[in-house]
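As C-alpha cells, the structure follows; a few thoughts come after it.
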Amino acid sequence: MGRACSSYPLFGVLLLAAFVYFNWSGGGFDPSRLRIPIPWMQPRMGFVSRNGTRFVVLPAEGEGGGAAEWLYVNGWNSYWLMGAAASVDSQERALVREMLRRGRAMGMDVCRTWAFNDGGEGSALQISPGRFNEQVFQALDYVIYEARRNGVRLILCLVNNLDAFGGKAQYVRWAEAAGVNLTSLSDPFFSHPVIKRYSKGYIKWEEKGRSMLFILIGVHVDSALLRVMGPFDFICYMLINAILTRRNSYSGIKYLDEPTIFAWELMNEPRCSSNTSAPLLQAWIAEMAAYVKSLDQKHLVTVGLEGFYGPRTKRLGANPGEWAASLGSDFVQNSAIEAIDFASVHAYPDSWIPNTVLEEKVKYLGNWVDTHVNDSQYILKKPVLFAEIGSYLHVDKQGIHDRDVFLKTVYDKIYESGKKGEAGAGALIWQLMVEGMQERYGDKFSLVAREHPSTYKLIKQQSCRLRHLLTREETNKTVGWSCSEVTP
C-alpha cells in the first residue's frame, strides 16, 4: 500500500510535465490553446444514432444500461470555425469558442461546419494529396474540443462541390498534375479511381509521439498501379483516412471515437456536370459511405444533398425549376443507399425562385419541406435534416424580415413532424456569425443573431418547443439555457 502511494507524486510530476509540454512548447501561453489530452477528463456525451425515422442519443460511456433519448435538432451553420481557429490571432480563435457558446445559449445543439480546405499553403488543411498542415489540423481539433465543452455536436463536411476552399476541382487539378489523363471523362471527380483513393486516404493518418507519419499511398504511384487503381479513387481514400483516424491533440480522443461529432457529411451540395453523370454520383456516394462505415461504425453518415429530384422521379413539381433536375442528383435515390443514415436537404427560396413574391416563396418552401418529410417517412424510412435554410436579409415595409417568415415556415413543419413522431428531424439556419467575422467569412445570408432580435427570438422559441416535446418541461437547466429567456 505504501509503495503504491509513493508513486502518486511521480505520477503528478509526469502529468504536470505533459501539461506544460503540450501548452507552452510552442511559445507564449494562449488560453485558447490550452489542452488536456486525457480522454476520461472530457465532458461525458453519448453518440447520436437513429431508430427508424428518428434520431436518438445513446447513453454516454460508463452510464450503464440507460435508455436512449429522442433528439430533435435545432442547429446552425458556421462553416468558418476551422479557419478562424487556425488564425495566429488569439482573439479570432476566441470567437470560435464564443460562437459555440452563443449557439448553445440559444438552445441549439448541432453546428455544421467545414472539415476541409484543400490546396495551397497557408490556411489549407490538405496541402497536397495526403500532405496536411498540422497547425490547421490542430485548429480542427480545437473546434471539436470546444464544441464538446459547450455541449454542441458537429456535422463535419469532408469535401466541397464548389470551388471555394479547393473543392472537387482541386482534386481534379492534383490528378492532372500527377499525369492522369482525364480528358475523356465528363465528371472525373466522381468516376476516376485515383481521385477517389485521394479522398479515402485523407481519412487516415498515424501518430508517433508528436510527429506525424502520413499515409501517402500512391502519391508517387507508378503507371501500372495507376492503371489498376485509377486516379480519383486515390484522393478520396486519402482524405477520409486522415480525418477519421486523427487523434485530437486537445482531448486525446480519436475522431472516430468522439461523440461530439454528430455525423460525417460526404460532400457539400454534390452536383454533376450533366444528368449523364448521375450514375457516377450514385456510385461515388455508395462507395464513399461504405468506406467511412468500414472505418467508423459509431457515427452517422449523410450525403450533403440540396434535395433536388432527378428526371426519373414523380416529384419534379417539388423542384424550384427545370434546371434542378439536370444536376445529376436525386434526393430519393441518393439517400436510399444503405450506408447513408439520414437524408439532408437545403432550402434557398430567394436564390432558387428569385423572381417571385414572398407569398409564392413561402408556398413553395412549405411544399418543399412537406415533400421531403413525406418521402423520408414513407419511402426512405430515415430521418431528414434540413441542413441549410438561407435567406437574404430583406425587410418589407411593415418591418417584417423575409428570413423570419421562411425560418418560421420550416420550424413549424419540423415541430409538427416531431409531434407526430415522423421523419422531420430538424433544421439548421445558414449561417451565424459573431461580431468582427462578417468581413472575412460572411456572405449575403449571414447574420449575428443578437443583432436581429426577431430572428434570435424565433430560434430560441424553436429550441424551447423541441425541448418541450422531449421533456414536457419549459425549462431544462442541465443544458445551460432557459426557455424563459427569449431576449438577446
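The values are calculated or read from the model by the stated rules, or taken from the named source; none is laboratory data. Small disclaimer: the values here were computed from a predicted structure and weren't measured. Ideal geometry is used to build each Cβ from the backbone, glycine not excepted, and the neighbour counts take in all protein chains shown. For accessibility, only protein heavy atoms count, side chains too; no ligands or nucleic acids. Shrake-Rupley method; radii C 1.70, N 1.55, O 1.52, S 1.80 Å.
Values as computed for the structure displayed
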| item | result |
| --- | --- |
| Test: residue in segment 163-171 that is open to solvent by 50 Å² or more (accessible area, probe 1.4 Å), more than 17 Å from residue 274 (Cα to Cα) and either at pLDDT below 80 or over 20 Å from the mean Cα position of the chain (by Cα) (or both) | no |
| All positions within segment 58-103 that are among the hydrophobic types (A, V, I, L, M, F, W, C) and over 18 Å from residue 156 (Cβ atoms) | 58, 60, 67, 68, 70, 88, 94, 95 |
| Single unsatisfied condition, residue 178 versus (1) in contact with a strand residue (DSSP E or B) (Cβ under 8 Å, 6 or more places away or on another chain); (2) farther than 30 Å from residue 55 by Cβ | (1) |
| Of residues in segment 372-403 being modelled with pLDDT under 95 and in a helix (DSSP H, G or I), the one farthest from the chain's Cα centre (by Cα) | 402 |
| Selection count, segment 130-162, where residues are charged (D, E, K, R) and buried (at least 21 other Cβ atoms within 10 Å of the Cβ) | 4 |
| Hits in segment 172-185 (condition: of a type in the set (A, V, I, L, M, F, W, C), surrounded by fewer than 23 Cβ atoms within 10 Å (Cβ to Cβ) and under 29 Å from the mean Cα position of the chain (by Cα)) | 172 |
| Which numbered condition residue 407 misses (of (1) assigned to a helix (DSSP H, G or I); (2) closer than 20 Å to residue 54 by Cα; (3) open to solvent by less than 30 Å² (accessible area, probe 1.4 Å)) | (2) |
| Any pair with Cβ under 6 angstrom, 6 or more apart, that starts in segment 426-453 at a residue that is in contact (Cβ under 8 Å) with a residue 12 or more places away in the chain and part of a loop (DSSP other than H, G, I, E, B) and ends at one that is among the small types (Gly, Ala, Ser) and surrounded by fewer than 18 Cβ atoms within 10 Å (Cβ to Cβ) | 433/442 |
| Residue within segment 314-322 that is touching a residue at least 24 places away in the same chain (Cβ under 8 Å) and polar (S, T, N, Q) present | no |
| Given (1) out of contact with any Gly (no Cβ under 6 Å at 6 or more places or on another chain); (2) modelled with pLDDT under 95; (3) open to solvent by 10 Å² or more (accessible area, probe 1.4 Å); (4) not acidic (Asp, Glu), index of the condition residue 437 fails | (3) |
| Single condition residue 477 does not satisfy, out of (1) closer than 22 Å to residue 147 by Cβ; (2) open to solvent by 70 Å² or more (accessible area, probe 1.4 Å); (3) modelled with pLDDT of 90 or more; (4) not polar (S, T, N, Q) | (3) |
| Members of segment 84-117 found to be modelled with pLDDT of 95 or more, under 11 Å from residue 139 (Cβ atoms) and assigned to a helix (DSSP H, G or I), listed by number | 84, 85, 96 |
